[in-house]
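So the structure is just underneath, and the comments pick up after that.
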Amino acid sequence: MTTRRTTRKIKVGNAFIGGDAPVLIQTMAATKTFDVDATVATVDYLDQSGAGLVRIAVDSINDAKALAEIRKRTTANLSVDLQENFRLAELVAPNVDKIRYNPGHLHHLEPNLAWEKKVEYLVDVAKEFDVALRVGVNCGSLDPTKLAKYRDQLANGDAGAQENDDAAAVFDPLLESALEHVDFLDSIGFTRYCVSIKDSDPETVVLVNRRFAALRPQIPLHLGVTEAGAPPRGVLKSRLALETLLAEGIGETLRVSLTVEANQKAKEVEAGRLILENVASGNVIDPATRLPNLNIVSCPSCSRVQNGRFVELARTLEKATEFAKDYPFKIATMGCRVNGPGETDDADVGLWCGADKVNLKSGSTTIGSFGYDEIIEKAVELLQEKIRLYDQQAK
Ligand code: SF4
């Protein structure tokens, strides 16, 4: 029987995260936010499916206006993820229960304003409109100052949380970014927040969250594996990280991010429930379960997806590259231009989807843009070329 730790308890709408509250399952609507009818129907369906909090993407003034209408028509707890435009906070806050900000995105807008000032502004907005915050650190959009500091280690492939008995050692850019922000929030007396530290590698998620929990045991953690991909692989990756942490009593809320169609998002809630049931029954996955060498990641899709064929493309590519499962390459497929270009930079074969074309990359180098009907063939060709060079070097 797992003994859960006791963290601070924060109120999010009519739910709580942390303290003695049960682990809250979250998910995200992937309908177009400006399509109010479709988004309300989805939010209500996800709420009834067991999601305690539903996130909605808001990128523009029009989305913010739609959010106000959505708020009037649903009682579900809602959250919004600020992307680069932190100033949207004051527009969305009156209509949500929680706002997530990403320390790695704060530098985009008003670059001459110190990040501390931006966080103070977010805290003022949160207090004024009675909302909670999430500090959401993500491997694909790290704070550039942290990235620069650890670039050499990253280049050598030895960054990322490593097992280290000294829990005070702060060497990881994900961890350091999270610690910097929680320490600042605490220093200004704001405690109504949780933290997420996500990576696409389940092992890193376990190690870095375990370390954070040891260093700041009072702060509630939102658990998740970013870009886990389509089921069943996405569920397996999430189980590996989340069941391991929850079995240690770590984690107060979770999201299983899955690459599925907008009308299939309840699968994220089902997977979250499965994880909690497994932990409760002691039937957790063996943490030593090995994933294939070929690391396939894809974003969960959201309202920003620019072409509805994205999910099918990600699934088809996974099948088309099965032949390479023993090779240590990374394939990344992203649904839009917001996060696609940056989050494919470290992939051996990276695809990010535009409205009519899909951009193909090798690391940070763009190979070209191809139609949806030809991209699979081009991506497989690129992978075959990588394998050829790899085999040549191995001889
Ligand atoms: Fe949404 Fe784009 Fe992120 Fe995919 S990459 S989840 S479409 S913002």
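Please go through segment 157-188 and pick out each residue that is modelled with pLDDT of 55 or more, charged (D, E, K, R) and closer than 19 Å to Thr145 by Cα. Across segment 157-188, the qualifying residues are Asp172, Glu176, Glu180, Asp183. Within segment 361-374, being away from the ligand (no atom under 16 Å from the Cβ) and under 21 Å from Lys330 (Cβ atoms) holds for Ser362, Gly363, Ser364, Thr365, Thr366, Ile367, Gly368, Ser369, Phe370. Evaluation of Val349 against the conditions (1) within 18 Å of Pro232 (Cα to Cα); (2) in contact with a Leu (Cβ under 6 Å, 6 or more places away or on another chain); (3) away from the ligand (no atom under 15 Å from the Cβ) shows that the sole unmet condition is (1). Checking each residue of segment 93-101 against the condition of being among the aromatic types (Phe, Trp, Tyr) and more than 30 Å from Val279 (Cβ to Cβ) gives no match.
Within the set Gly308, Gly342, the sole residue that is outside the structural domain of Met28 (by TED's automatic domain parsing), modelled with pLDDT under 95 and more than 11 Å from the ligand (Cβ to nearest atom) turns out to be Gly308. Checked against (1) outside the structural domain of Tyr390 (by TED's automatic domain parsing); (2) within 13 Å of the ligand (Cβ to nearest atom); (3) over 21 Å from Arg211 (Cβ atoms), Val235 passes all but condition (2).
Among residues of segment 231-256 that are farther than 21 Å from Asp47 by Cβ, those with a beta-carbon under 8 Å from a residue that is surrounded by fewer than 24 Cβ atoms within 10 Å (Cβ to Cβ) and of a type in the set (Asp, Glu) at least six positions away or on a different chain give the pairs Arg233/Glu318; Leu240/Glu203; Ala241/Glu203. Criterion first (more than 15 Å from the ligand (Cβ to nearest atom), out of contact with any Ser or Thr (no Cβ under 7 Å at 6 or more places or on another chain), in a helix (DSSP H, G or I) and of a type in the set (S, T, N, Q)) does Thr289 satisfy it? No; evaluated as a whole, the condition is false for this residue. Does Asp20 meet the test of being in the same structural domain as Lys267 (by TED's automatic domain parsing), of a type in the set (D, E, K, R) and modelled with pLDDT of 95 or more? Against the criterion (in the same structural domain as Lys267 (by TED's automatic domain parsing), of a type in the set (D, E, K, R) and modelled with pLDDT of 95 or more), Asp20 qualifies. Applying the criterion of being assigned to a helix (DSSP H, G or I) and of a type in the set (Ser, Thr, Tyr) to the residues of segment 212-256, the residue that is surrounded by the most Cβ atoms within 10 Å (Cβ to Cβ) is Ser238.
Tell me whether segment 257-264 contains one or more residues that are among the β-branched types (Val, Ile, Thr), closer than 21 Å to Thr204 by Cα, buried (at least 18 other Cβ atoms within 10 Å of the Cβ) and in the same structural domain as Val195 (by TED's automatic domain parsing). Scanning segment 257-264 turns up at least one residue that is among the β-branched types (Val, Ile, Thr), closer than 21 Å to Thr204 by Cα, buried (at least 18 other Cβ atoms within 10 Å of the Cβ) and in the same structural domain as Val195 (by TED's automatic domain parsing). With the structure loaded, tell me whether Phe310 is buried (at least 16 other Cβ atoms within 10 Å of the Cβ) and on the phi < 0 side of the Ramachandran plot or whether it fails that test. So Phe310 passes the test. Return yes or no: is Ala178 aliphatic (A, V, I, L, M) and not in a loop (DSSP other than H, G, I, E, B)? So Ala178 fits the description; yes.
Residues are listed down the side, and each one gets a yes or a no for (1) at pLDDT below 95; (2) of a type in the set (A, V, I, L, M, F, W, C); (3) touching a strand residue (DSSP E or B) at 6+ places or on another chain (Cβ under 7 Å); (4) not assigned by TED's automatic domain parsing to the domain that holds Thr253:
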{"residue": "Ala15", "(1), (2), (3), (4)": "no, yes, yes, no"}
{"residue": "Gln26", "(1), (2), (3), (4)": "no, no, yes, no"}
{"residue": "Lys32", "(1), (2), (3), (4)": "yes, no, no, no"}
{"residue": "Asp37", "(1), (2), (3), (4)": "no, no, no, no"}
{"residue": "Ala41", "(1), (2), (3), (4)": "no, yes, no, no"}
{"residue": "Ser49", "(1), (2), (3), (4)": "no, no, no, no"}
{"residue": "Val54", "(1), (2), (3), (4)": "no, yes, yes, no"}
{"residue": "Ala68", "(1), (2), (3), (4)": "no, yes, no, no"}
{"residue": "Thr74", "(1), (2), (3), (4)": "no, no, no, no"}
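Taking segment 53-68 as the range and being crowded, with 21+ Cβ neighbours inside 10 Å and away from the ligand (no atom under 12 Å from the Cβ) as the test, the residues that pass are Leu53, Val54, Asp63, Ala66, Leu67.
The values are calculated or read from the model by the stated rules, or taken from the named source; none is laboratory data. Not measured: the values here are computed from a predicted model. Note that we place each Cβ from the backbone using ideal geometry, even for glycine, and neighbour counts take in every protein chain shown.
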